[in-house]
Each structure stands twice: as C-alpha cells, then as structure tokens.
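Bear in mind that the values in this text are calculations on the coordinates, not laboratory data. On a predicted model such as this, the values are computed, not experimentally measured, just so you know. All Cβ positions, glycine included, derive from the backbone under ideal geometry; neighbour counts span all protein chains shown.
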Amino acid sequence: MAQRRDEYIELDNDADLQWQASAACRGENGSLFYPPPRFERKDHRVSREKRAKSICLGCDVQGSCLDYALRTAEPHGIWGGLNERERRDIARRTS
Ligand code: SF4
C-alpha cells in the first residue's frame, strides 16, 4: 500500500477504512500514486498514473477505494483507478 495510505491506517482504524488492509498498492512507493511536490512534466505524469492505474486494475478493493475517495473528495492522487480530475468529473456528473 502506498505510504500515504499506510499513514491513514495508523491514524484511523475506523471500520470505514478496513478495506485498505487489502489494497493492492499496500507497500508500494507512494510516489507512483501521488504527484511530486514540485512540477511534474506531463509525459512523466501520464506514465506514472498509467503504472499506478495498472496496480488498481488488479486490486480487490478498487470499488471501496473509489467510493471512499469520492465521499471524502480526496483532492490528490490515484484512488480507485482514477486520478483527481477523473474523480472530479464523476462528482460533477452525479451532483
Ligand atoms: S484501487 Fe488502487 S489506489 Fe485504491 S487501494 Fe487499490 S491499488 Fe490502492
């Protein structure tokens, strides 16, 4: 699981987050799922997100992950196989 998600588990053992224990990205380098703190070239972003999304495709909890990110309006990173822009598009269409 990506590092930032591990931090969520340590900070919040709420049952709402138990799905994270089965995350395919558990132990992965968080830099694959989140943009760097500074500028990222578009071709690097596309490549990084493609690799992260390929992990999401094989994840048993993809639905729970995406649902959580949508409910909490998670502003950054790849969650449930979608990046922040794709999640905002869903939220806009369903609001
Ligand atoms: S869907 Fe992707 S981001 Fe979400 S837990 Fe699974 S691998 Fe991680």
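At q = 0.13, 0.14, 0.22 Å⁻¹, work out log10 I(q)/I(0) for the range 17-95 with the Debye formula, treating every Cα as an identical point scatterer and leaving solvent out; two decimals please.
So the normalised log intensities are -0.38, -0.44, -1.04.
Work out how much length R41 to D16 would gain on full extension: take 0.36 nm times their residue separation and subtract the Cα-Cα distance, in nm to one decimal.
Taking 0.36 nm per residue and subtracting the Cα distance, the gain is 5.5 nm.
For a quick check: with amide H placed at 1.01 Å from N, whose amide H comes under 5 Å from W79's, ignoring anything fewer than 5 positions away on the same chain?
For W79, whose amide H was placed from the backbone, there are no distant partners under 5 Å.
At a 10 angstrom cut-off on C-beta neighbours, averaged per residue, how do the peptides 79-85, 56-62 rank from highest to lowest?
79-85, 56-62
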